[in-house]
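What follows is a set of notes on a single structure, which appears directly below.
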Amino acid sequence: MDKLVKEALDEVGIIIPSELFEGSDDFDLKDYIQDSLEFISVILKIEEKLGIEIPEEILSFDEITSFHGFCEALSAIENE
């Protein structure tokens, strides 16, 4: 899921340094997603790639901080 989310970020023009994806350390997505419009663009791209609809409880820009936490939440949705 991490790779898919990174691809979605790249495709909408949100560039995150590749070294952040190499280790197991986590990072705050809000450091790279500047506003809610960019966030919605990422969400739409992820929904398109996965063929799912992401529930509203995950769609709060203020709640999305941990990259790995966000990916885990998406994995749980995909596996439902």
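The values are calculated or read from the model by the stated rules, or taken from the named source; none is laboratory data. Computed from a predicted model, the values in this text were never measured in an experiment. Here the Cβ is made from the backbone with ideal geometry for all residues, glycine too, and neighbour counts use every protein chain on show.
Pairs under 7 Å by beta carbon, first residue surrounded by 14 or more Cβ atoms within 10 Å (Cβ to Cβ) in the stretch 8-26, partner part of a loop (DSSP other than H, G, I, E, B), six or more apart or different chains?
Cβ pairs passing all conditions: L9/I16; I14/Y32; I14/I33; I16/Y32; L20/F27.
Could you grab the pairs with beta carbons closer than 6 Å, sequence gap of 6+ or different chains, first residue in the stretch 50-79 and over 16 Å from I16 (Cα atoms), second one aromatic (F, W, Y) and surrounded by 14 or more Cβ atoms within 10 Å (Cβ to Cβ)?
Matching pairs, first to second residue: F61/F39.
Could you say which residue among G23, G13 is at positive phi and out of contact with any Ser or Thr (no Cβ under 7 Å at 6 or more places or on another chain)? Quick ask: steps written out before the conclusion?
Details: G23 fails: at positive phi.
Testing whether each residue is at positive phi and out of contact with any Ser or Thr (no Cβ under 7 Å at 6 or more places or on another chain) leaves just G13.
Can you tell me which condition V5 does not meet? The list is (1) outside any helix (DSSP H, G or I); (2) β-branched (V, I, T); (3) touching a residue at least 60 places away in the same chain (Cβ under 8 Å), and all the others hold.
In the conditions (1) outside any helix (DSSP H, G or I); (2) β-branched (V, I, T); (3) touching a residue at least 60 places away in the same chain (Cβ under 8 Å), V5 misses (1) alone.
Of all residues being among the polar types (S, T, N, Q) and modelled with pLDDT under 85 in the stretch 40-80, which is farthest from the chain's Cα centre (by Cα)? Just the residue, please. Show your work before the answer.
Initial filter on the stretch 40-80 (among the polar types (S, T, N, Q)): 41, 60, 65-66, 75, 79.
Remaining after also requiring modelled with pLDDT under 85: 60, 65, 79.
On the way: S60: 12, T65: 10, N79: 17 Å.
The residue in question is N79.
Take the residues of the stretch 40-80 that are in contact with a Phe, Trp or Tyr (Cβ under 8 Å, 6 or more places away or on another chain) and among the aromatic types (F, W, Y): which is nearest to L4 (Cα to Cα)?
For the stretch 40-80, the residue satisfying everything is F67.
Being under 14 Å from M1 (Cα atoms) and either surrounded by 14 or more Cβ atoms within 10 Å (Cβ to Cβ) or over 13 Å from the mean Cα position of the chain (by Cα) (or both), is that true of even one residue in the stretch 31-39? Break it down stepwise before answering.
First, the residues of the stretch 31-39 that are under 14 Å from M1 (Cα atoms): none.
No, that holds for no residue.
Just need a number here: residues in the stretch 26-80 that are in a helix (DSSP H, G or I) and either over 18 Å from V12 (Cβ atoms) or charged (D, E, K, R) (or both).
Kept after step one, since they are in a helix (DSSP H, G or I), are these residues of the stretch 26-80: 29-31, 36-50, 56-58, 61-63, 67-78.
With the extra rule that they be either over 18 Å from V12 (Cβ atoms) or charged (D, E, K, R) (or both), the set shrinks to 30-31, 38, 45, 47-49, 56-57, 62-63, 68-69, 72-73, 75-78.
Of the residues in the stretch 26-80, 19 are in a helix (DSSP H, G or I) and either over 18 Å from V12 (Cβ atoms) or charged (D, E, K, R) (or both).
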